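Engineer: What follows is a structure written as structure tokens; I'll ask about it next.
The values are calculated or read from the model by the stated rules, or taken from the named source; none is laboratory data. Since we're looking at a predicted model, the values are computed, not measured. Note that each Cβ is placed from the backbone with ideal geometry, even for glycine, and that neighbours are counted across all protein chains shown.
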Amino acid sequence: MGDLLVFVLSGLVSGALYALLATGLVLSYSASGLFNFAHGATAYLCALTFYEVHSGLGWPAVPAALLVVCVLAPGLGWGLDRLMFRRLARVGETAQIVATIGLLVALPAAGLWAVELLGDAGAPVKPAENQFGLAGVGPSPARSWQLFDGVGVDSDQLITWVVTALVAVGLWVLMRHTRLGLRLRAAVDNRSLTELRGISADRLSSVAWMISSALAGLAGVLATPLLGLSAHDFTLFLFVSATAAVIGRFASVPLAFAGGLGLGVLQNLVAGYASFAEGITGFRTAVPFLILFGGLLVLARGGRTAGTAASEGGAVPPDRPAGAPWARRWGVWAVAAGALALAFYTVTTPFWSGLLAQGLALGLVFMSFTVVTGLGAMVSLAQGTFVTGAALVAGLLMSRGWPFVAALAVGTCAAAVLGAVVALPALRLGGRTLALATLALAFLADQVLFQMRWLRNGDAGWSIPRPVFGPVDLGDDRALGVALVVLTAVCAAALSALRNSPSGRAMLAVRSAPAAAMASGVSVLRTKLLLFTVSAGLAGFGGVLLASYNTRITATDFTAMTGLVWLAVVVAAGVRRPQYAVVAGLVFAVAPRVLSEWVTQSAHLPVILFGLAGLALANDPDGYCAAVPVRLARRRAAASGGGAGQVSGGVPGGAAGGVAGPGASPAEFSAAPPRPEAGPRPDLVREPRLRTPAPRATAGPGGAGEGPAEPALQLRGVTAGYDGGLVLHGVDLAVRQGEILVVLGPNGAGKSTACRVAAGSLEAAGGSVLVHGRDMTRSGPVRRARSGVLLAPEGRGIFPALTVEENLALYLGEADARTAVYHRFPRLAERSGVAAGALSGGEQQMLALAPLLQRPPGVLIADEPSMGLAPRVVEEVYALLTELRDAGTALLLVEEKAAGILGVADTVAYLSRGRVTWCGPRAEVEADRLTAAYLGRAT
């Protein structure tokens with residue numbers, strides 16, 4: 001019994017640290033959609049700062065800890081969010097993963113370099129790298145108390161438990177009993193709807209990142225006595241805590257917190273009682289990674305599969321050199337390869353020949369990322385595992401007398417098989433879950449597979465002598481370099497041929513649209529398996545050559561952490577073309593030496609630069625090499641006057657598609673023939689000039705007035721679209737206070753796009769949007785909402801994970817106002833504690849509109865308010881909308897079906913192919929005109 005309590009209590013210490021880190025991961029991911037691989041690096045940087053301030057500068061422990069946790073860590077989170085994370089949220093998931101991995105690499109090196117510089121400047125800092133047995137926040141040495149025989153605790157453990165408990169209570173109070181916590185949970189549930197309600201999601205994201213970094217800093221300070229100052233251990237700690245985040249499904253803070261505590265206890269119990277694992281080296285420490293992998297598989301049920309990164313848009317980015325003449329695509333690279341081969345025997349010294357040869361071997365390894373990430377849009381963090389596995393197998397065989405070529409072939413095949421083994425259970429994952437799964441398997445290989453003595457040959461590893469082919473001795477770095485130039489050229493050409501082959505087109509099809517690829521007869525599973533297998537085999541091939549350059553391989557030469565650095569470097573250079581991988585390999589090999597000779601002798605600066613290279617992906621998601629031809633093409637276009645031909649979405653003067661510009665009355669417009677690139681041929685479509693009657697005078701709550709009132713919301717000549725393609729072509733609409741404007745049109749006419757532009761969630765490419773006469777064209781949804789413009793989006797404007805009471809509290813902060821809503825809608829009062837997502841469709845629409853009756857907005861835009869509702873419920877919804885109109889709200893209602901909605905309309909507009917084809921009073925709507933509008937013709 002005593003042993004069990006010891007295991008549980010000590011497990012609760014590490015579990016508390018896991019819980020703090022996991023909670024921070026969930027908060028930051030929920031607020032921004034970004035999984036922060038650098039979370040452990042933040043904890044390490046805070047631990048390093050605490051150590052230097054406390055032990056070096058002599059500050060007392062508690063003030064030093066408060067400085068780190070309450071000032072440095074939140075400031076770091078706020079700064080990274082403003083400088084990096086907000087921009088990363090708008091790029092693809094691959095770039096997000098790589099950029100945060102780059103930060104994981106850069107932050108510890110930056111901290112150590114800062115300590116090094118301060119020491120050189122005479123500051124009283126202490127050696128920091130890999131220091132152990134350090135003092136924590138409590139007394140030093142730690143005090144111990146015996147609870148009973150054989151069971152005791154020390155002051156560091158007690159402080160960790162107490163602080164973690166206080167943090168848990170504080171987080172619960174913050175998230176459940178404060179308005180800030182309610183808004184954070186709303187942003188987690190639906191970030192875009194939060195902004196449509198006038199709440200700045202960016203500010204909430206900053207707050208979440210500050211809290212997340214503070215939790216990481218607190219974990220770092222508390223973990224100092226346990227982990228010392230080992231960046232590697234802190235990174236491992238992060239990925240173990242990711243298991244707890246998976247338990248919380250990256251959304252639930254309480255589940256993640258409880259999962260962290262349970263994980264620490266389980267890890268200790270396995271270490272103490274799993275007697276079956278005694279013969280498996282490293283199994284006990286690998287348990288969290290087994291749980292992580294299993295949890296990811298469970299989490300992925302019903303989710304998307306690998307290679308269908310939603311944030312990547314599914315589509316394959318355009319490759320500018322594709323389709324160009326051979327000389328343009330390959331000429332520069334061929335000349336560079338020839339010059340490099342010639343340089344090995346002319347201008348390079350033996351030292352630089354060796355560095356260049358190493359870079360070329362790394363280029364072969366880096367090409368494996370081109371296959372799995374460039375072609376397949378899947379992030380694999382196990383490439384270092386494939387390199388080590390192939391090299392160890394090749395070394396084992398050569399120690400048995402096998403020739404180099406045969407050992408190379410078998411090692412490559414072994415890596416390919418290992419890649420298939422990794423891929424089979426992970427293929428159903430995608431994005432960050434796939435990256436975490438492959439990393440979990442990589443850590444399992446490091447701690448279990450590569451610990452097998454027969455495979456690793458102890459700490460000495462295996463000798464891999466360079467081969468001799470007749471008169472060619474690759475023991476000479478120059479001969480090895482030339483041979484690697486030839487091999488890299490052949491592999492690059494082979495990968496380019498693969499991309500253009502039927503198999504390559506199948507890979508691109510699976511990446512872009514798996515369902516469509518499957519319907520075309522392409523096996524999605526087989527294609528993804530082929531991608532992983534080819535990628536792993538190529539990594540193993542390059543790994544054996546890299547080990548032959550070093551003439552020896554050990555199990556610790558290329559760990560999973562090494563693979564993370566490789567990924568950051570190669571994706572920052574450009575992962576879509578194999579030539580860029582070769583550039584990345586050469587830079588990775590040569591840059592540290594160049595920096596040491598010309599800049600600084602510190603080994604930390606190259607690591608910082610390699611890590612920061614990944615941060616550039618926020619600006620150039622395809623990498624800096626791929627950005628060069630894009631920028632050159634833009635310059636050529638600008639020099640030739642092509643810049644004027646860029647899609648601007650507008651027409652000079654604000655008119656587009658023949659619609660009157662800003663100077664015209666919104667009730668008058670000319671439906672001229674569309675331009676050839678925007679619609680049918682003008683000679684085949686004839687749309688006569690239409691004139692709508694002037695709108696009736698309206699009176700808002702403030703009283704009556706003579707003549708037409710100023711529009712509460714007005715769209716003038718608006719053009720808008722997505723990814724450079726226009727959907728709206730010069731739309732003019734106006735709705736006044738106390739008026740219902742109904743916009744009708746078939747599916748795909750642009751109705752939802754018009755709603756988004758009016759609400760500010762989609763920026764107009766041309767034209768203007770006016771709110772009560774003020775130009776709000778460039779204002780986002782938050783400012784529009786605060787100006788009284790609210791959007792009830794298609795599908796219900798509620799937060800499903802929040803209760804009915806919490807949904808109301810977001811819009812109505814006063815309890816009396818919510819009580820009035822419950823009095824008016826007893827059904828909502830009965831279900832006030834129920835999650836909104838569990839309500840019926842009618843109840844959800846009622847919940848979305850009910851608070852607006854209590855505090856009517858200036859403008860309400862409702863996109864398909866009757867969608868999915870029973871006829872009786874539709875009548876109730878329309879009655880509520882009429883009541884809002886009578887309260888003075890201007891309503892812009894969008895519907896696909898005309899039945900029913902025309903009964904509440906004051907003005908009707910028909911939208912077809914992104915143009916208003918008719919607009920006028922409800923009384924002038926005729927059946928033939930309605931039919932013509934839905935068919936896309938003017939009457």
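Engineer: Could you check how many residues of the range 909-928 are outside any strand (DSSP E or B) and surrounded by 18 or more Cβ atoms within 10 Å (Cβ to Cβ)?
Structural biologist: Selection size over the range 909-928: 3.
Engineer: Next question, about the same structure. Output the residues belonging to the range 134-179 that are loosely packed, with under 13 Cβ neighbours inside 10 Å, under 37 Å from the mean Cα position of the chain (by Cα) and closer than 17 Å to residue 224 by Cβ.
Structural biologist: Across the range 134-179, the qualifying residue is only 162.
Engineer: Scan the range 9-27 and tell me whether some residue there is in contact with a Lys or Arg (Cβ under 7 Å, 6 or more places away or on another chain) and farther than 21 Å from residue 101 by Cβ.
Structural biologist: Start the filter on the range 9-27 by keeping residues that are in contact with a Lys or Arg (Cβ under 7 Å, 6 or more places away or on another chain), which leaves none.
The answer is no, given that none of the residues of the range 9-27 is in contact with a Lys or Arg (Cβ under 7 Å, 6 or more places away or on another chain) and farther than 21 Å from residue 101 by Cβ.
Engineer: Let me ask something else about it. Considering each of 357, 343, 336 in turn, give the residue that is among the aliphatic types (A, V, I, L, M), surrounded by 19 or more Cβ atoms within 10 Å (Cβ to Cβ) and modelled with pLDDT of 85 or more.
Structural biologist: Answer to the selection: 357.
Engineer: Further, regarding this structure: How many residues does the range 783-793 contain that are closer than 18 Å to residue 863 by Cα and outside any loop (DSSP other than H, G, I, E, B)?
Structural biologist: Quick first cut of the range 783-793, residues closer than 18 Å to residue 863 by Cα only: 784-785, 788-793.
Restricting the remaining residues to those that are outside any loop (DSSP other than H, G, I, E, B) gives 784-785, 789-792.
Residues flagged as closer than 18 Å to residue 863 by Cα and outside any loop (DSSP other than H, G, I, E, B) within the range 783-793 amount to 6.
Here's the yes/no breakdown for (1) out of contact with any Pro (no Cβ under 9 Å at 6 or more places or on another chain); (2) among the small types (Gly, Ala, Ser); (3) closer than 29 Å to residue 354 by Cβ; (4) modelled with pLDDT under 85:
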position: 427; (1), (2), (3), (4): yes, no, no, yes
position: 430; (1), (2), (3), (4): yes, yes, no, yes
position: 433; (1), (2), (3), (4): yes, no, no, yes
position: 437; (1), (2), (3), (4): no, yes, no, yes
position: 455; (1), (2), (3), (4): yes, no, yes, no
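Engineer: Among the residues of the range 481-505, which ones are in a helix (DSSP H, G or I), more than 17 Å from residue 366 (Cα to Cα) and either free of Cβ contacts under 8 Å to residues at least 24 places away in the same chain or hydrophobic (A, V, I, L, M, F, W, C) (or both)?
Structural biologist: Selection gives 482, 483, 497, 500, 502, 505.
Engineer: With respect to residue 50, is the statement that it is of a type in the set (Phe, Trp, Tyr) and not assigned by TED's automatic domain parsing to the domain that holds residue 32 true? Steps first, please.
Structural biologist: Values: of a type in the set (Phe, Trp, Tyr): yes; not assigned by TED's automatic domain parsing to the domain that holds residue 32: no.
Here the answer is no, as residue 50 does not meet what is asked.
Engineer: Something else: What about residue 881, is it in contact with a strand residue (DSSP E or B) (Cβ under 8 Å, 6 or more places away or on another chain), assigned to a helix (DSSP H, G or I) and outside the structural domain of residue 733 (by TED's automatic domain parsing)? So that I can check it myself, show each step before the final result.
Structural biologist: Values: in contact with a strand residue (DSSP E or B) (Cβ under 8 Å, 6 or more places away or on another chain): yes; assigned to a helix (DSSP H, G or I): yes; outside the structural domain of residue 733 (by TED's automatic domain parsing): no.
So residue 881 fails the test.
Engineer: In the range 874-903, what residues are under 27 Å from residue 769 (Cα atoms) and of a type in the set (Asp, Glu)?
Structural biologist: Filtering the range 874-903 down to residues under 27 Å from residue 769 (Cα atoms) leaves 878, 880-898, 901-902.
Once the filter is applied, which keeps residues that are under 27 Å from residue 769 (Cα atoms) and of a type in the set (Asp, Glu), the range 874-903 yields 883, 886, 895, 896.
Engineer: Let me ask another. Residues in the range 421-441: is at least one of a type in the set (D, E, K, R), without any contact (Cβ under 8 Å) to a residue 40 or more places away in the chain and either outside the structural domain of residue 360 (by TED's automatic domain parsing) or surrounded by fewer than 21 Cβ atoms within 10 Å (Cβ to Cβ) (or both)?
Structural biologist: Start the filter on the range 421-441 by keeping residues that are of a type in the set (D, E, K, R), which leaves 428, 432.
Retained after the next criterion (residues that are without any contact (Cβ under 8 Å) to a residue 40 or more places away in the chain): none.
No: the range 421-441 contains no residue that is of a type in the set (D, E, K, R), without any contact (Cβ under 8 Å) to a residue 40 or more places away in the chain and either outside the structural domain of residue 360 (by TED's automatic domain parsing) or surrounded by fewer than 21 Cβ atoms within 10 Å (Cβ to Cβ) (or both).
Engineer: While we're looking at this one, here's another question. Restricting to the range 560-606, what's the tally of residues that are among the β-branched types (Val, Ile, Thr), more than 22 Å from the chain's Cα centre (by Cα) and surrounded by 20 or more Cβ atoms within 10 Å (Cβ to Cβ)?
Structural biologist: 3
Engineer: Now for a separate question. Restrict the check to the range 527-535 and report whether at least one residue is free of Cβ contacts under 8 Å to residues at least 24 places away in the same chain and in contact with a Leu (Cβ under 9 Å, 6 or more places away or on another chain).
Structural biologist: Scanning the range 527-535, I find no residue that is free of Cβ contacts under 8 Å to residues at least 24 places away in the same chain and in contact with a Leu (Cβ under 9 Å, 6 or more places away or on another chain), so the answer is no.
Engineer: If you go through the range 21-69 one residue at a time, how many are aromatic (Phe, Trp, Tyr) and within 18 Å of residue 228 (Cα to Cα)? Don't jump to the end; show me each part of the working.
Structural biologist: Taking the range 21-69 as the starting set, the residues that turn out to be aromatic (Phe, Trp, Tyr) are 29, 35, 37, 44, 50-51, 59.
Now drop any that are not within 18 Å of residue 228 (Cα to Cα), which leaves 44, 50-51.
Summing the residues that are aromatic (Phe, Trp, Tyr) and within 18 Å of residue 228 (Cα to Cα) in the range 21-69 gives 3.
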